[in-house]
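Each remark here refers to the structure printed beneath this line.
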Amino acid sequence: MAKMWAGRTDGVTSKIADEFNSSIKIDSRMYKQDILGSMAHASMLSAKNIISKQDADILIDGLEGILADIESGKLEIDLTAEDIHMFVEQVLTERVGEVGKKLHTARSRNDQVALDTRMYLRDATEKVVEKIEELLMAIIGQAEEHKASIMPGYTHLQRAQPITFGHHLMAYAMMLFRDIQRFIDSYERINVSPIGCCALAGTTYDTDRRLEAKILSFDSIAMNSIDGVSDRDFCIEFSSNCAILMMHLSRLSEEILLWTSWEFKFVELSDAFTTGSSIMPQKKNSDMAELVRGKTGRVYGNLVSILTMLKGLPLAYNKDMQEDKEGVFDSYDTVSMCLDVLAPMIKSMKVIKENMLLASQKGFINATDLADYMVKKGMPFRSAYKIVGSIVSDCIKNGKVLEDLSLEEYKKYDNIFEQDLFNEINLNTCVEKRISLGGTSPKSVEEQIAWIKEQLKNV
Ligand code: ARG
């Protein structure tokens, strides 16, 4: 069958060219946005007397019917069609006759596809923000419960200083909060209407772009028609937001994998979020966390793909741009699934605080506190640092930890030591005293939780 755009050519293309050219498998998910956009277009055309009110009513009725039939399953999207825009227009014309052919007045698929994608990504942004919030609340729940649970804090994956598990988790809460901010911030740049830019140059019809944008709840409109059809920055930003979010989820997943290993055993995941091995009966694997970490690669890939696809394109629309949606949608689907699985997984995970405490008692994580103790008694920090270094070194040789030495033994290193040093290197004291803003003390963790909750109210 000849294409709707037959004219200059006979519109009869080879089957392989059709398959290659078609984007409907990817863009069919925008059917609703496409139909709502067309309804708004018909309204605007009649408001400006470009088509009659009667024709507009027929178009809008027809479009409403198509939408209802797709949603009820009565109308199946034809996956051999060129794209969702052509499919809807073709079905409309089949259903309402000649009037259907008036819909595409003062419009091009170039502004239409940009419109649909922006409308789709507006919804996607809202949904992703909701899902991030859910994970954030799961994290905050665990942080609240474990604001005083002591664990070793690491740098270079070496035990560094005692922290609270709640404090550690709240670091992830901060990352996710920034992700929410990023998605919300970019929403403003998605929410710009390109419709009415037409093919690239605007139109000779007396259209009302502002009216059409208003019907579709856009806050602003593209002010340059060439930019309106060429701009895919909003897709890049969405992909970039997803990539940064995945990086955070992947770091969290990596830690969960470490914590659930026998070597750490800080955390146990609910059976509902683990798998077994087909051969090793003892295995309980954290596959979900591994998959989140693994899927991060494809989300990064999607960002690089779209950046690369666009970098050499002359203005305005080029067919290369049809390649924009697959990656963007894949990133959306991937982050959605990852958030959906992580939220209940974090909520239901069991924190084995005894093991965290045990790990904290080894590894000299209170060495800084011992040095600080000496400084508070008047010694310069560098000198204290050196003495504590040699105490640690001797302890390692003798298989001891700082708490094992007697006051007499301490005094051999320096006379500054008194009985109160033992309180100073007690792990509970170490975390409770770190009351500096943003620090690890339970009180500070409480403040961080309150701060995030307050910020979320304004989202
Ligand atoms: N399927 C196309 C896309 O996704 C729609 C726009 C086609 N425009 C055109 N001039 N061929 O980009």
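The values are calculated or read from the model by the stated rules, or taken from the named source; none is laboratory data. Keep in mind that this is a model prediction, so the values were computed, not measured. Quick reminder, even Gly has a Cβ in these numbers, built from the backbone with ideal geometry, and neighbours come from all protein chains shown. Accessible surface areas use protein heavy atoms only, side chains included; no ligands, DNA or RNA. Shrake-Rupley method; radii C 1.70, N 1.55, O 1.52, S 1.80 Å.
The packing ranking of peptides 264-273, 228-237, highest mean first, is 228-237, 264-273, where packing means the average number of other beta carbon atoms within 10 angstrom of each residue. Scoring 136-144, 389-397 by mean Cβ neighbours within 10 Å over their residues and listing the highest first yields 136-144, 389-397. Our note on the geometry: Cα centres of the stretch 234-249 and the stretch 364-417, 46 Å apart. The phi torsions of the stretch 184-201, fed into the Karplus equation with coefficients 6.51, -1.76 and 1.60 and a -60° offset, translate into couplings of 5, 4, 6, 3, 4, 8, 6, 7, 10, 7, x, 5, x, 6, 6, 5, 5, 9 Hz, rounded to whole numbers, with Gly and Pro shown as x. Find out how many positive minus negative residues lie around Leu310, taking Lys and Arg as positive, Asp and Glu as negative, among other residues whose Cβ is under 15 Å from that of Leu310. Neighbourhood net charge equals -4. Near Thr203, no amide H atom lies under 5 Å from its own; only residues 5 or more places off or on other chains count, and H is placed 1.01 Å from N.
In degrees from 0 to 90, rounded to the nearest 10, what is the angle of the helix 367-376 Cα long axis to the longest principal axis of the chain? Here the helix axis deviates by roughly 70 degrees. Could you state the angle between the C-alpha long axis of helix 31-47 and the longest principal axis of the C-alpha atoms of the chain, as a value from 0 to 90 degrees rounded to the nearest 10? Value to nearest ten degrees: 50. For GluC sites (Glu not before Pro), the sites in the stretch 28-111 that DSSP calls loop and that have at most 16 other Cβ atoms within 10 Å are Glu76.
Residues in the chain average 49 Å² of solvent-accessible surface per residue, probe 1.4 Å, ligands and nucleic acids excluded.
What FRET efficiency would be calculated for the residue pair Lys25, Ala2, taking the C-beta separation as r and a Förster radius of 22 Å, to the nearest 0.05? That gives a FRET efficiency of 0.50. The Cβ shell under 13 Å around Tyr300 holds other residues with a net charge of +2, Lys and Arg each +1, Asp and Glu each -1.
Spacing of the modelled spin labels on Ser393 and Thr9, each 7 Å from Cα toward Cβ, amounts to 7.9 nm. Using the Cβ-Cβ distance between Asn426 and Glu126 with R0 = 56 Å, the FRET efficiency computed as 1/(1 + (r/R0)^6) comes to roughly 0.70.
Remark: the stretch 92-102, residue by residue, has Karplus-estimated 3J(HN,Hα) of 4, 5, 4, 7, 10, x, 3, 4, x, 6, 7 Hz, where x stands for each Gly or Pro and the curve is 6.51 cos²θ - 1.76 cosθ + 1.60 at θ = phi - 60°. Summary value for the chain: 17 percent relative contact order, contacts being C-alpha pairs under 8 angstrom separated by 6+ residues. Each Lys and Arg adds +1 at its Cβ and each Asp and Glu adds -1 at its Cβ; summed about the Cα centre, the chain shows a dipole of about 1080 debye. By the helix-only formula, in which each DSSP H run with n ≥ 4 contributes -39500 (n - 2.57) and the sum is divided by residues, the chain has a 222 nm mean residue ellipticity of -20000 deg cm²/dmol.
Sites listed here are GluC sites (Glu not before Pro) in the stretch 336-433 whose DSSP assignment is loop and whose Cβ has at most 13 other Cβ atoms within 10 Å: Glu418. In this simple spin-label model, placing a label point 7 Å from the Cα along the Cα-to-Cβ direction at both Lys443 and Glu323 gives a separation of 5.8 nm.
Would you tally the net charge around Asn426, using a Cβ to Cβ cut-off of less than 11 Å, leaving Asn426 out, and scoring K and R as +1, D and E as -1?
With Lys, Arg at +1 and Asp, Glu at -1, the neighbours total -4.
Rounded to the nearest 20 debye, the dipole magnitude of the stretch 396-459 is 320 debye, with +1 charges on Lys and Arg beta carbons, -1 on Asp and Glu beta carbons, and the Cα centre as origin. Listed cross-link partners Lys3/Lys325; Lys362/Lys453; Lys15/Lys325; Lys147/Lys386; Lys101/Lys319; Lys127/Lys457 are compared with a 28 Å cut-off, the Cα-Cα value being larger for Lys362/Lys453; Lys147/Lys386. Shown is the FRET efficiency for Lys376 and Asp219, computed with R0 = 51 Å from the Cβ-Cβ distance and rounded to the nearest 0.05: 0.35.
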